[in-house]
Amino acid sequence: MAHFHRLPGPIADIWAWQHRGACRDRDSAQFFHPDGERGASRGRRENAAKRVCERCPVRAQCAAYALSTREPYGVWGGFTEHERLQILREGWSGELDVRGLEARLTTPSR
Ligand code: SF4
């Protein structure tokens, strides 16, 4: 007998959060760095992207997606690629508490 309850849900459910993202109709260049971008201009672009993420209703899902897939580029869930690497290095257990993750980034390492 087949165990249909063990099959994964529809793929659309997994991605549905993206349709509610605050960045949906924005230029993706705000979230992904162009070739050669460095220093102050990179910081300004990332901070602008983070401000969009701060008011995004699906921020937690976005951050969890980027961390779980080891997304290598861009600002996702309000975290830069560098910040996501730091979170992963220190250990990420799948939690959706983005404020908790932010607090970890600002707390000096023990
Ligand atoms: S958290 Fe940021 S990158 Fe993720 S969907 Fe929302 S606005 Fe877009």
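The values are calculated or read from the model by the stated rules, or taken from the named source; none is laboratory data. Fair warning: this is a prediction, and the values are worked out from it, not measured in the lab. Methodologically, a virtual Cβ is constructed for each residue, glycine included, from the backbone with ideal geometry; neighbour enumeration extends over all protein chains shown. Just so you know, the surface numbers come from the protein's heavy atoms only, side chains and all, with ligands and any DNA or RNA stripped out. Shrake-Rupley method; radii C 1.70, N 1.55, O 1.52, S 1.80 Å.
If you scan the range 74-91, which residues turn out to be part of a loop (DSSP other than H, G, I, E, B), at pLDDT 95 or above and of a type outside the set (A, V, I, L, M)? Lay out the reasoning, then the answer.
Pass one, the range 74-91, residues part of a loop (DSSP other than H, G, I, E, B): 74-75, 77-78, 80, 91.
Subset that is at pLDDT 95 or above: 74-75, 77-78, 80.
The answer is GLY74, GLY77, GLY78, THR80.
Mind checking which residues of the range 16-53 are away from the ligand (no atom under 12 Å from the Cβ), touching a residue at least 24 places away in the same chain (Cβ under 8 Å) and open to solvent by 70 Å² or more (accessible area, probe 1.4 Å)?
The answer is none; no residue qualifies.
Test of understanding: among CYS62, CYS56, which residue is open to solvent by less than 60 Å² (accessible area, probe 1.4 Å), part of a loop (DSSP other than H, G, I, E, B) and in contact (Cβ under 8 Å) with a residue 12 or more places away in the chain?
From the options CYS62, CYS56, the qualifying one is CYS56.
Across the range 65-104, what is the total count of residues that are surrounded by 14 or more Cβ atoms within 10 Å (Cβ to Cβ), without any contact (Cβ under 8 Å) to a residue 24 or more places away in the chain and over 12 Å from the mean Cα position of the chain (by Cα)?
Summing the residues that are surrounded by 14 or more Cβ atoms within 10 Å (Cβ to Cβ), without any contact (Cβ under 8 Å) to a residue 24 or more places away in the chain and over 12 Å from the mean Cα position of the chain (by Cα) in the range 65-104 gives 2.
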